[in-house]
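What follows is calculated from the coordinates using simple rules that are stated; it is not laboratory data. Since we're looking at a predicted model, the values are computed, not measured. Neighbour counts run over all protein chains shown; Cβ positions are idealised from the backbone, glycine included.
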Amino acid sequence: MNVLFLTISRLTDISTRGIYADLMRKFRDEGHNVYIAHPNERRYGQTTCEEERCGVRILSIKTLNLQKTNVVEKGIATLLIERQFRRAIKRYWNDVEFDLVLYSTPPVTFTSVIRSIKQRSPHCISYLLLKDIFPQNAVDLGMFAKWSPLYGYFRHKERMLYRMSDYIGCMSPANVDFIVKHNPKLDVRRIEVAPNSIELPTDKVTIERRAIRQKYGLPTDRPIFIYGGNIGKPQGIDFMCRALQRNSKRRDCHFLIVGSGTEYAKVERWTREQHPENVTLIGALPKAEYDMLVAACDVGMIFLDHRFTIPNYPSRLLSYLENRMPIVAATDSNSDIGTIAEQNGYGLWCESCDVERFSAMLDKMLASTEQIAEMGERGYRFLVGNYLTEHTYSAIVKHLNPITK
């Protein structure tokens, strides 16, 4: 079976770890021919090119900067990417008949790309991996209003994308409910859970937790709560800083923030001005180094802006569960990431506008080190039962003709 994956993530090497690389390896290992189209952003100074790597065909398409850039360039890049992808795929892979086209949001502007692929491959199944509900998330964060022309344009593109998709795989049950409620014309039988997932390494590396902590100047005598990943507006950074400030005198734990994003400078300025005694801020690390650092910590933190009306489900949860770490989640009331964690005994949740509840959550988590370990084990078992790559793969291929599976 010929499988095409469209993404705006930089995916030049599927031997690395990540939700998309792991899924593409699974398709390759199951005997499918895998094709990946991804942006070659302007910052890399490279032209459009194709290569074969790790047994898959990769098409790197020259675009403007789509991520970690200013709003103006990101907006223009989002408007142009549909045409750029369509032209590049036609130029390089026009003779390939695809059986399955996978694509993730963002963006919502791949409609014409998918249409052109399905026109020349009439039997092709289109499957949307819904990772982002745009433009409503932008409205929630005050980036533009519902009455603005921008909202109208992108909402139209979103509806077209949903109609073009034979199936829509959502990250969680709350995501399914949201899409069904706000898109009543869609056939509910086409909407399902296809979760964020990872492949567990077969050769688990034993790490020296004490040595890793010492390398980064972290305490070795108390639990460490880590937040890792994007540090941007969706994470509700103002609340995160207030919550950590409220707990900055604690001696029973340490807080570690690792990552990059549009709000990183704000966090850096806060640490410089407030000098929190138990908070360490580290910029983005290579994936392998970050994975080792996570493994040396005890509890994972998840933050989302309390204004969200859409149910986000951050994939950073997976690295926490993989390392047998429970979570504390401070999110909006619509996301089910916290409620699922509480229902299955591997985490605690509060709304991300209540600093006192967050502090109480820390007290409860730190009641005993045995409790942290027990909750971490429950989280690992939940990961194995629900969030492995084989679960997402199975959700997708069950819709395909048995001959093409």
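Protection proxy ranking, highest mean first, for peptides 241-250, 58-67, 274-283: 58-67, 241-250, 274-283, where packing is the per-residue count of other beta-carbon atoms within 10 Å, averaged. For the chain, the longest principal axis of the Cα atoms and the long axis of helix 111-120 meet at an angle of about 40 degrees.
Distance between the pseudo-spin-label points of THR309 and LEU200 (7 Å out from Cα toward the beta carbon): 4.0 nm. Can you give the FRET efficiency for LEU186 and THR369, using 1/(1 + (r/R0)^6), R0 = 51 Å, r = Cβ-Cβ distance, to the nearest 0.05? The calculated FRET efficiency here is 0.60.
Net charge near ARG357, counting Lys/Arg +1 and Asp/Glu -1 over other residues with Cβ under 14 Å of its Cβ? Result for the neighbourhood of ARG357: -3. The C-alpha atoms of the chain define a longest principal axis, and helix 264-274 lies at about 10 degrees to it.
Listed by chain and number, the aspartates and glutamates whose C-alpha is less than 17 Å from the C-alpha of LYS249, apart from same-chain residues fewer than 8 away, are ASP221, GLU273, GLU277, GLU356, ASP363. Sequentially through region 131-142, phi angles give Karplus couplings (6.51, -1.76, 1.60; θ = phi - 60°) of 10, 7, 9, 10, x, 4, 4, 5, 5, 4, 8, x Hz, Gly and Pro residues having no value and appearing as x. Charged side chains reduced to their Cβ positions (Lys and Arg at +1, Asp and Glu at -1) give region 146-278 a dipole of some 400 debye around its Cα centre. The angle between the Cα long axis of helix 71-93 and the longest principal axis of the Cα atoms of the chain comes to about 40 degrees, rounded to the nearest 10.
Amide H contacts of ILE191 (H built 1.01 Å from N, in plane; Pro and chain starts excluded): ILE168 sit under 5 Å, all sequence-distant by 5 or more or on other chains.
Distance between the pseudo-spin-label points of SER394 and THR47 (7 Å out from Cα toward the beta carbon): 4.7 nm.
With 26 Å as the limit, the listed pairs LYS118/LYS398; LYS74/LYS118; LYS146/LYS233; LYS68/LYS146 have LYS74/LYS118 beyond it between alpha carbons. Between the alpha-carbon centres of region 260-338 and region 170-235 there is a gap of 10 Å. For region 30-43, 3J(HN,Hα) computed residue by residue from phi via the Karplus equation (6.51, -1.76, 1.60; θ = phi - 60°) reads 7, x, 8, 8, 9, 10, 10, 10, 9, x, 9, 4, 3, 4 Hz, glycine and proline entered as x.
When the charge dipole of region 209-386 is built from unit charges on Cβ atoms (+1 for Lys and Arg, -1 for Asp and Glu) and taken about the Cα centre, the candidate among ILE310, SER352, GLY217 whose Cα reaches farthest toward its positive end is GLY217.
Taking 19 Å as the straight-line reach from the Cα of LYS215, the lysines in range (excluding those fewer than 8 positions away in the same chain) are LYS287. Here the sum of -39500 (n - 2.57) over DSSP H runs of 4 or more residues, divided by the residues of the chain, equals -12000 deg cm²/dmol at 222 nm, to the nearest 500. Remark: region 234-239, residue by residue, has Karplus-estimated 3J(HN,Hα) of x, 7, x, 4, 4, 5 Hz, where x stands for each Gly or Pro and the curve is 6.51 cos²θ - 1.76 cosθ + 1.60 at θ = phi - 60°. Sorting the segments 225-234, 199-208 by their residues' average number of neighbouring beta-carbon atoms within 10 angstrom, most packed first, yields 225-234, 199-208. You can think of it this way: the chain between ASP166 and GLU277 has 34.7 nm of extra reach, that is 0.36 nm per residue less the Cα-Cα gap. Maximal additional length on extending the ARG120-ASP177 stretch stands at 17.2 nm, based on 0.36 nm per residue less the C-alpha distance.
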